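Since the structure comes first, as structure tokens, the remarks are kept for the end.
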Amino acid sequence: MRVPTDMPQRRRRVSRGRLAIIILVGVGALLFLSVRGLAEFWTDYLWFDSLGVRSVFTGIIGARIALGAIFTLAFFVLAFVNLLVADRIGPAERPSGPEGDVLDRYHATIGRRSLLVKIVVSLVLALLTGLGMSSDWRQWLLFTNGGSFGIDDATFQTDVGFYVFKLPFYTSVVNWLFAAGVIILMMTIVAHYVNGGIRLQVPGQRVTPQVKAHVSVILGLLALVKMADYWLQRYALTYSTRGTVDGATYTDVKAQLPAIYLLMIIAALSFVLFIVNIWRRGWTLPVVAVGLWALVSLVAGVIYPAFIQRFVVEPEESAPRPRTSITTSPPRARPWGSTRSTRSRSSTARTRPSPPRTSTPIRARSATSGCSIPRS
């Protein structure tokens with residue numbers, strides 16, 4: 001007779017009524033969100049149409065659709081290719097152990113549907129990542145319809161139109177590429193774990209050399225993307241709000257800009273180390289590159305500019321300034337028709353005594369009419 005704890009337990013099944021309620025609630029929520037979105041879309045269309053600028057509305061919609069489609073397709077291709085590479089370079093035989101048993105069950109369940117799983121995973125991640133770029137339609141329209149102002153900034157001698165029309169879209173694309181690269185890196189590591197290239201509970205070699213090479217390639221590409229990001233951060237210094245005025249101030253030009261150039265060099269060096277690691281297939285070079293990069297980013301990119309701003313710039317800004325006052329005396333009124341200047345009169349008065357008073361009436365200019373009136 002079996003012990004009660006060893007008796008097979010009956011699985012709880014969800015009743016059909018409860019399952020129907022859950023499905024109806026989900027469908028109702030989806031319909032509510034869809035109807036609300038359609039109502040907002042139709043309202044915006046009618047508003048633009050009433051103003052006679054329907055082309056503006058269609059241009060915005062077209063820009064959102066184009067951005068979402070382009071970046072979704074780009075992420076899907078990158079993710080799917082990396083999954084295929086991870087499957088191709090995976091070990092032919094998975095080592096035995098607790099992890100191996102679980103993964104064997106997984107592969108037995110998937111079977112011949114592994115290609116479909118790769119497509120679904122890549123598509124879902126692509127939709128989540130690529131559709132978010134549709135919100136940057138303003139930057140895209142400025143990028144495609146912008147021009148130049150004919151005025152260069154004082155720091156980089158670049159046309160102001162670059163900062164208004166080009167730089168925002170470049171920054172959005174570089175940030176998206178870096179975020180997409182990080183997601184693909186994490187997805188690739190999980191794929192290698194599922195394929196048996198990474199083992200955490202086995203003695204000896206836990207990561208195969210092929211996995212190290214694949215991860216090194218992705219890290220090298222991320223280093224290149226970050227170097228491009230540093231290059232664009234130079235121009236973003238013209239938007240700096242660090243000082244008392246907006247723009248590239250002393251700390252930005254003398255401390256932050258050299259730190260950005262140094263970080264660009266570190267990023268390029270890290271890229272070289274990651275590529276060399278494809279043949280070395282170890283962890284020493286990646287750890288050295290990432291550690292050096294993090295140290296320079298903290299010291300040169302954060303601590304040093306903050307030190308200059310706190311102990312050099314701010315004391316100079318708060319130092320008292322000598323007050324300079326300019327006192328001007330109002331010009332003396334001259335009799336109408338007189339050609340003698342005030343300076344000549346003052347010099348004459350210092351060299352010659354004033355004439356005696358007479359009973360001749362003196363003519364003075366009226367403050368209201370501008371004409372001269374006799375003064376008794």
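We did not get these values from a lab; they are worked out from the coordinates using the rules stated. Note that the structure is predicted; figures quoted are calculated from it, not measured. Note that we place each Cβ from the backbone using ideal geometry, even for glycine, and neighbour counts take in every protein chain shown.
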Query raised in the report: What is the distance, in nm, between label points placed 7 Å from the Cα along the Cα-to-Cβ direction at Leu295 and at Arg113?
Result: 5.1
Requested in this report: Starting with the highest mean, order 51-62, 212-223, 77-88 by the number of other Cβ atoms within 10 Å, averaged over the residues of each peptide.
Outcome: 212-223, 77-88, 51-62
Query raised in the report: Which FRET efficiency, nearest 0.05, do Thr144 and Val272 yield, Cβ-Cβ r, R0 30 Å?
Result: 0.25
Report summary line: Here the net charge surrounding Val207, from other residues whose Cβ is less than 13 Å away from its Cβ (Lys, Arg +1; Asp, Glu -1), is +4
Query raised in the report: So what's the net charge close to Asn145: Lys and Arg +1, Asp and Glu -1, counting the other residues with Cβ under 12 Å from its Cβ?
Result: +2
Query raised in the report: Which percent of Cα-Cα pairs in the range 59-181 sits in each 10 Å bin, short to long?
Result: 12, 28, 23, 17, 11, 7, 2
Query - Local net charge near Phe48, Cβ-Cβ under 14 Å (Lys/Arg +1, Asp/Glu -1) - result: -2
Query - Protection-proxy order for peptides 34-43, 185-194, each taking the mean of Cβ atoms within 10 Å per residue, highest first - result: 185-194, 34-43
Requested in this report: Could you calculate the contour length gain from Phe32 to Leu131, that is, 0.36 nm times the residue separation minus the distance between their Cα atoms, to one decimal place in nm?
Outcome: 33.5 nm
